[in-house]
Amino acid sequence: MPDSKFVVRPGVSFSGLLFIAFLVLKLTGVISWSWWLVTAPLWFGWACIILIPLVVLGFGAALTGLVFLVTFIFHLFKRRQ
């Protein structure tokens, strides 16, 4: 048997349990949430993995644009003097 660095643990994750709880509550009529909220534990982790880098890249692009704009304005005023 080759050495494996990956450990597989059978079972349900916390988000899986949360989804099952929300699903049971929705189907029994205890909560009247939308299906988006009921299924949120399934896709929330992936959404964070995708959205956090996009937000960071957006702030980086905005900061780069702001630095460029300030530098451009500084050089315009410097030429006038």
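The values are calculated or read from the model by the stated rules, or taken from the named source; none is laboratory data. Model, not experiment: these values are computed from the prediction. Heads up, the Cβs are rebuilt from the backbone with ideal geometry, glycines too, and the neighbour counts pull from every protein chain shown.
Just to be sure, is residue 13 among the polar types (S, T, N, Q), out of contact with any Asp or Glu (no Cβ under 9 Å at 6 or more places or on another chain) and at pLDDT 90 or above?
Considered against the rule, which asks whether it is among the polar types (S, T, N, Q), out of contact with any Asp or Glu (no Cβ under 9 Å at 6 or more places or on another chain) and at pLDDT 90 or above, residue 13 comes out as no.
What residue, among those in the range 8-23 that are assigned to a helix (DSSP H, G or I) and either in contact (Cβ under 8 Å) with a residue 12 or more places away in the chain or of a type outside the set (A, V, I, L, M) (or both), is surrounded by the fewest Cβ atoms within 10 Å (Cβ to Cβ)?
Once the filter is applied, the top-ranked residue is 14.
When you look at residue 33, is it part of a loop (DSSP other than H, G, I, E, B) and either among the basic types (Lys, Arg) or modelled with pLDDT of 90 or more (or both), yes or no?
Here the answer is yes, as residue 33 does meet what is asked.
Within the range 34-49, which residues are within 8 Å of the chain's Cα centre (by Cα) and surrounded by 10 or more Cβ atoms within 10 Å (Cβ to Cβ)?
44, 45, 47, 48
Quick one: which of 78, 5, 26 is loosely packed, with under 10 Cβ neighbours inside 10 Å and either part of a loop (DSSP other than H, G, I, E, B) or in contact with a Phe, Trp or Tyr (Cβ under 7 Å, 6 or more places away or on another chain) (or both)?
Only one candidate qualifies: 5.
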